[in-house]
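Worksheet for the structure shown next.
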Amino acid sequence: MANAASHGVSSAGCRLYLITPPRIDPAAFRDHLAAALDAGDVACLQLRLKDAAADDIERAAEALMPVCYAHDVAFILNDDAKLAHALGCDGAHLGQTDGDHEGARALLKDSILGITCHASRHLAMEAGELGADYVAFGAFFPTETKDTVHTAGIDLLEWWSEMMEIPCVAIGGITAANCGPLVRAGADFLAVVGAVWNHPDGPAAGVRAMNAAIAAA
Ligand SMILES: Cc1ncc(COP(=O)(O)OP(=O)(O)O)c(N)n1
Ligand SMILES: Cc1nc(C(=O)O)sc1CCOP(=O)(O)O
Ligand SMILES: [Mg+2]
């Protein structure tokens, strides 16, 4: 079965998975992104613009993709597999209501497909069966980035990583201060928004703090 490692998003140990803030000015954000990626290891960037028109997403992708590629960071688009394919992204991340997962798998071929599985073993098994490259569990902690409904526990990560080879992503309120148990439970990637983009000393400090915490776990 295809997996994220075979597409160049290697999880060799736990790695950082960055997600953009929901609204950005692409030209200004490009500099913040470059600073963040200069600061340390990042596996991928997910462009997650909420309530944005396709044209705006395309403009943002054009601004940010070259920065990712210059740093050997995979570029993943949220919510829309067709647009991800059309824009030449490395892959797409789909939630449970973001369209036809099987159609997306077929369309994206060897590109990355990640699927939100909330706190559900059943959804994760389904995602694995259809060929997802990673499954995402969350929310592990309270978050100000998004209104969340589901709460995931450490036991889910332990179970998945013991039973399955498909990489898993942990998301939701993750910070340098609280990520240790997630890493030790087997998370392959920690997906973060606020811990990096809202870090009081800037995004580079956020990446350094997250990577130091991952290494110390
Ligand atoms: C890595 C990762 N995990 C989960 C999500 C959430 O996706 P979804 O449930 O579709 O919610 P939105 O992000 O679209 O609001 C994600 N984006 N990335
Ligand atoms: C986009 C998203 N999805 C979640 C889920 O639980 O599926 S939590 C979340 C927000 C993640 O942002 P932060 O790192 O700032 O908490
Ligand atoms: Mg979505």
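Coordinate-derived values only; no laboratory data. What you are looking at is a predicted structure, and each value in this text was computed from that prediction instead of being measured. Reconstructed Cβ throughout: ideal geometry from the backbone, glycine too, with neighbour counts over all protein chains shown.
Quick notes on this one:
- Counting all C-alpha pairs of the stretch 52-147, share separated by more than 23 Å (%): 29 percent
- Local electrostatic count, Pro26, Cβ distance below 9 Å [Lys/Arg +1, Asp/Glu -1]: -1
- Two tests apply to each whole DSSP H helix in the chain, Cα reach of 15 Å or more along its axis and mean Kyte-Doolittle hydropathy of at least -0.5, and the ones passing both are 26-38, 54-70, 203-216.
- Summing +1 for each Lys or Arg and -1 for each Asp or Glu among the other residues whose beta-carbon sits under 11 angstrom from that of Gly13 gives -1.
- Within the stretch 4-216, the percentage of alpha carbon pairs spaced more than 22 angstrom apart rounds to 44%.
- Size of electric dipole in the stretch 4-216: Cβ of Lys, Arg +1 and of Asp, Glu -1, about Cα centre, debye, nearest 20: 340 debye
- Rounded to 0.05, the FRET efficiency of the Arg121 and Glu144 pair, given R0 = 25 Å and the Cβ-Cβ distance, is 0.35.
- In this label model, Asp201 and Glu102 are separated by 5.1 nm, measuring between points 7 Å along each Cα→Cβ vector.
- Here each label is just a point 7 Å from Cα along the line to Cβ, and for Met164 and Ala86 those points are 3.0 nm apart.
- Around Asp155: net Lys/Arg minus Asp/Glu count, Cβ-Cβ under 15 Å: 0
- Each part gets one Cα centre, and for the stretch 15-71 versus the stretch 108-181 those centres are 21 Å apart.
- Ellipticity estimate at 222 nm from DSSP helix runs (n ≥ 4, -39,500 (n - 2.57)) divided over the chain, nearest 500: -11500 deg cm²/dmol
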